[in-house]
Amino acid sequence: MTTAPDETTEGVVRVLIVDDHAVVRRGIRAYLEVLDDLEVVAEAGNGVEALARLDALSVHGELPDVVLVDLLMPKMDGVTTTARIRERYPDLRTVVLTSFGEMERVHAALAAGASGYLLKDAEPTEVVAAIRAAARGEVFLDPAVARQLTQEMVSPPTGLGSLTARERDVLALVAHGRSNQEIADELVISERTARTHVSNVLRKLQLTSRTQAALVAVRQGLVPPQG
């Protein structure tokens, strides 16, 4: 896909690259800067730095059109960064470029407002296509990710298959009789987050109690029967 930018991007798409690996940033920058219609305006090593860069650029009226962001970064991850960018600069588009294609991450990024999701084994031309599409207000997904999303729509997961990896961990702890606070301590999350996970597990499995959830976990072989 090598569609030329339309008039709404004024000929040149301005890009901010956010990745905690300098070599990745430099590689992407080197490729993008040989293209006449793309301009890298800045780089950042994490989400906190990215927001600071955007704030500084905004003061001078020089915001980019698209932010290319990694998911796993120190200080502030890509999903949180995407959400914060969406809050502060609603017209600024974000494209995720990551090594991780798990659907839980995909859903989180898209829910946060990402306009694209690419895996780092994508061809450089796909990265360019995603940036150009985002600048036009379109969504661009890695082909493998798009296939998985389509499969989910055609055959939505049920039972344990509908749970994320974290929710399966929570279900196992519920089956072992752990309280929300104990689950939080075990998984190093807040008690509120643990409570939310438990509620999501019950909702997805269409259950009304933790006892029912424990029985499902045993029946499905997630945990061994007690006693």
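Read-outs: derived from the displayed coordinates by stated rules, not from any lab. Just so we're clear, the structure is a prediction, and the values are computed from it rather than from any experiment. Heads up, the Cβs are rebuilt from the backbone with ideal geometry, glycines too, and the neighbour counts pull from every protein chain shown.
Just a few scattered comments:
- Three semi-axes of the equivalent ellipsoid, the chain, Cα gyration tensor, whole Å, largest first: 40, 19, 14
- Highest mean packing comes first when the peptides 36-44, 75-83 are listed by Cβ atoms within 10 Å, giving 75-83, 36-44.
- Cβ-derived FRET efficiency at R0 22 Å, Arg147 paired with Glu104, nearest 0.05: 0.85
- Hydrodynamic estimate: the Kirkwood radius of segment 94-221 over Cα pairs, inserted into Stokes-Einstein at 37 °C and 0.692 mPa s, corresponds to D of 199 µm²/s.
- Dipole orientation for segment 159-219: of the candidates Ser199, Val174, Leu187, Ser199 has the Cα lying most toward the positive pole (charges on Cβ; Lys, Arg +1; Asp, Glu -1).
- Other residues with beta-carbon under 10 Å from the beta-carbon of Gln181 carry, at +1 per Lys or Arg and -1 per Asp or Glu, a net charge of -2.
- On Cα atoms only, tilt of 124-135 relative to the major axis of the chain in degrees: 90 degrees
- The C-alpha atoms of the chain define a longest principal axis, and helix 103-112 lies at about 60 degrees to it.
- Gaussian network model of the chain, springs between alpha carbon atoms under 10 Å - residue of Ala108, Ala165, Ala129 with greatest fluctuation: Ala165
- Label point distance in nm, Ser199-Val59, each placed 7 Å from Cα along Cα→Cβ: 4.0 nm
- Relative to the dominant Cα principal axis of the chain, helix 78-88 is inclined by about 60°.
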